[in-house]
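The structure under discussion appears below in the form of C-alpha cells.
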Amino acid sequence: VGEYLERWLESSVKGNVSPRTYTNYRLQVRRHLTPALGRIKLKDLTPFKVQGLYRSKLDAGLSNASVRYTHAVLHRALKQAVKWSLVPRNVAEAVDPPRVRREEITPLSPEQARVFLAAARGDRFEALYVVALTCGLRQGEILGLKWSDADLGAKTLRVNRQLQRHRDGGGLVFSEPKNASRRTVPLTATAVEALKRHGRRQAEEKMKVGSLYEDNGLVFASEIGTPLDAQNVVNRSFKPLLKRAGLPSIRFHDLRHTCATLLLAKGVHPKFVQALLGHASISITMDLYSHWAPTMGDQAAAAMEDTLREEDCTEPEEDSDVA
C-alpha cells in the first residue's frame, strides 16, 4: 500500500491538482496512511483494516473532519487503483468514515455589513473588503487578482488564479482555481469606486519606493508590490477593523457567507448566487444557505396563493331546457 500511494502521488496527483492540494495529500499519505497501512499488500487491504485505522486515529485525538479527510484521500487513491486494474474493488467504499458536523456560518446582518463598510472607508484595504463582501470571492482568489483581471468600465472581475501558502513551508504560490471557481463576477458601483481609489493609492506607493517596488500586477499587494500573506491581512487589518467597528470577531471567510446570505434574503435566484460564488453545483449553495433565505418560502407561498385563488365571478344561470 505504501509503495502504491507514493507512485499514485507522483503519477496521478502531482500536476493535476493545485500545489496546496498535492501537499495536503502527501501529508495524509506520509503521516497517517503509510505508517498504518503501508506494509500491507495492496490486494490484502480490507475494509476491516481501514476501519481500524479510522478508529485508532479518532482514539488518538484526531477530529472527525481530519479522519474524514484521510478517508477521502485513501478513497481517491484506491479508485485510481481500480482503474489501473491493480485491485478489483475500492475497499474504502465499504467503510463508514466519521460524520462531520457542518461548521457554523456567522455572516454579518445587513446593518452590520453597512457598519463594516463604513468602518473600512479610507483603510488601505478598503477595496479588498468591499470586493470580499459584495462579490463573495474567497480570500485566496482576492489576493490572486491582477489588474489585468479587472474591467472597471464593464464592471467585472475575472477569477483566474488564487494565492495560497504551502503548508510544508514552501511559501506563497499562485495556482489555478477549480473549473467552477474560474468565473467572471459583476462589480457593484461601490466596488468600482473603491477599486479606483485603491489604484490611485497604489500608484502613490509605487512612486514612494521607486525601483524597490516589485510590480507583479497585483490588485492587492504589499507596499513594495509583493504578494500578501492572508494571515497577516487577517491579524493586522481585518480583526482590528472589526474591533474598531464594534462587530463580532468573525472569520474573513464569513464575508463570503455574508455576500450569499444578503443576496438570498433579498430573493436573488440561488442559481445566480451559485455562479457568483463559484460553487460546482447549486446543491452546494442550497445546502449551505437555504435556511438563510426565509423570504424564499414567503414568495413561494404567495405565488401558490395567487395561482389557486378563485376569481371573483358570477356563476352563469342554468339553461331551463337543460335543467
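The values are calculated or read from the model by the stated rules, or taken from the named source; none is laboratory data. As the structure is a computational prediction, the values presented were derived from the model and not from experiment. Cβ: placed from backbone, ideal geometry, glycine included. Neighbour counts: every protein chain shown. Just so you know, the surface numbers come from the protein's heavy atoms only, side chains and all, with ligands and any DNA or RNA stripped out. Shrake-Rupley method; radii C 1.70, N 1.55, O 1.52, S 1.80 Å.
Please specify each residue of the stretch 47-64 satisfying the condition of being in a helix (DSSP H, G or I), open to solvent by 50 Å² or more (accessible area, probe 1.4 Å) and under 17 Å from residue 99 (Cβ atoms).
Of all residues in the stretch 47-64, those in a helix (DSSP H, G or I) come to 47-59, 64.
Within this subset, residues satisfying the condition of being open to solvent by 50 Å² or more (accessible area, probe 1.4 Å) are 48-49, 51, 55-56, 59, 64.
Within the stretch 47-64, 51, 55, 59, 64 qualify.
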Exercise. Is it true that residue 255 is modelled with pLDDT under 95 and closer than 17 Å to residue 109 by Cα?
Worked result: no
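Residue-wise test of (1) of a type in the set (D, E, K, R); (2) in contact (Cβ under 8 Å) with a residue 40 or more places away in the chain.
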| position | (1), (2) |
| --- | --- |
| 218 | no, yes |
| 221 | no, no |
| 233 | no, yes |
| 237 | no, yes |
| 242 | no, yes |
| 245 | no, yes |
| 249 | no, no |
| 253 | no, yes |
| 256 | yes, yes |
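To keep it simple, each residue is scored yes or no on (1) modelled with pLDDT of 70 or more; (2) open to solvent by less than 20 Å² (accessible area, probe 1.4 Å); (3) under 23 Å from residue 182 (Cα atoms).
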{"site": "230", "(1), (2), (3)": "yes, no, yes"}
{"site": "238", "(1), (2), (3)": "yes, yes, no"}
{"site": "243", "(1), (2), (3)": "yes, no, no"}
{"site": "249", "(1), (2), (3)": "yes, no, no"}
{"site": "260", "(1), (2), (3)": "yes, yes, yes"}
{"site": "266", "(1), (2), (3)": "yes, no, no"}
{"site": "285", "(1), (2), (3)": "yes, yes, yes"}
{"site": "292", "(1), (2), (3)": "yes, no, no"}
{"site": "296", "(1), (2), (3)": "no, no, no"}
Problem set entry | Subset of the stretch 197-215 (residues that are within 23 Å of residue 166 (Cα to Cα) and either touching a strand residue (DSSP E or B) at 6+ places or on another chain (Cβ under 7 Å) or surrounded by 13 or more Cβ atoms within 10 Å (Cβ to Cβ) (or both)) | 214
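Quick check: anything in the stretch 33-42 part of a helix (DSSP H, G or I), in contact with a Leu (Cβ under 7 Å, 6 or more places away or on another chain) and of a type in the set (S, T, N, Q)? Let's see the steps before the verdict.
If we filter the stretch 33-42 for residues that are part of a helix (DSSP H, G or I), which is where we start, we get 33-37, 42.
Adding the requirement that they be in contact with a Leu (Cβ under 7 Å, 6 or more places away or on another chain) leaves 33-34, 36-37, 42.
Now restrict to residues that are of a type in the set (S, T, N, Q): 34.
Scanning the stretch 33-42, I find at least one residue that is part of a helix (DSSP H, G or I), in contact with a Leu (Cβ under 7 Å, 6 or more places away or on another chain) and of a type in the set (S, T, N, Q), so the answer is yes.
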Seminar exercise, completed: If you go through 119, 189, the only one that is touching a helix residue (DSSP H, G or I) at 6+ places or on another chain (Cβ under 9 Å) and surrounded by fewer than 20 Cβ atoms within 10 Å (Cβ to Cβ) is 119
Exercise. Taking strands (runs of 3 or more DSSP E) that fall entirely within the stretch 135-177, which contain at least 2 residues that are in contact with a Leu (Cβ under 9 Å, 6 or more places away or on another chain) and modelled with pLDDT of 90 or more?
Worked result: 156-159, 162-165
Problem set entry | Subset of the stretch 229-247 [assigned to a helix (DSSP H, G or I) and touching a helix residue (DSSP H, G or I) at 6+ places or on another chain (Cβ under 9 Å)] | 230, 233, 234, 237, 238, 241, 242, 244, 245
Seminar exercise, completed: Of those in the stretch 16-30 that are open to solvent by 70 Å² or more (accessible area, probe 1.4 Å) and modelled with pLDDT under 95, the residue farthest from residue 63 (Cα to Cα) is 16
Seminar exercise, completed: Checking 80, 112, 139 in turn, the sole residue that is open to solvent by 20 Å² or more (accessible area, probe 1.4 Å), under 26 Å from residue 12 (Cβ atoms), in contact (Cβ under 8 Å) with a residue 40 or more places away in the chain and among the polar types (S, T, N, Q) turns out to be 80
Exercise. If you check every pair at least six apart or on different chains, which have Cβ atoms under 8 Å apart with a residue in the stretch 34-49 that is touching a residue at least 24 places away in the same chain (Cβ under 8 Å) first and a residue that is among the small types (Gly, Ala, Ser) and exposed (fewer than 15 other Cβ atoms within 10 Å of the Cβ) second?
Worked result: 47/94
Exercise. Within the stretch 124-134, is even one residue in contact with a helix residue (DSSP H, G or I) (Cβ under 6 Å, 6 or more places away or on another chain) and of a type in the set (Phe, Trp, Tyr)?
Worked result: yes
Seminar exercise, completed: Only unsatisfied item for residue 107, checking (1) closer than 27 Å to residue 52 by Cβ; (2) not in a helix (DSSP H, G or I), is (1)
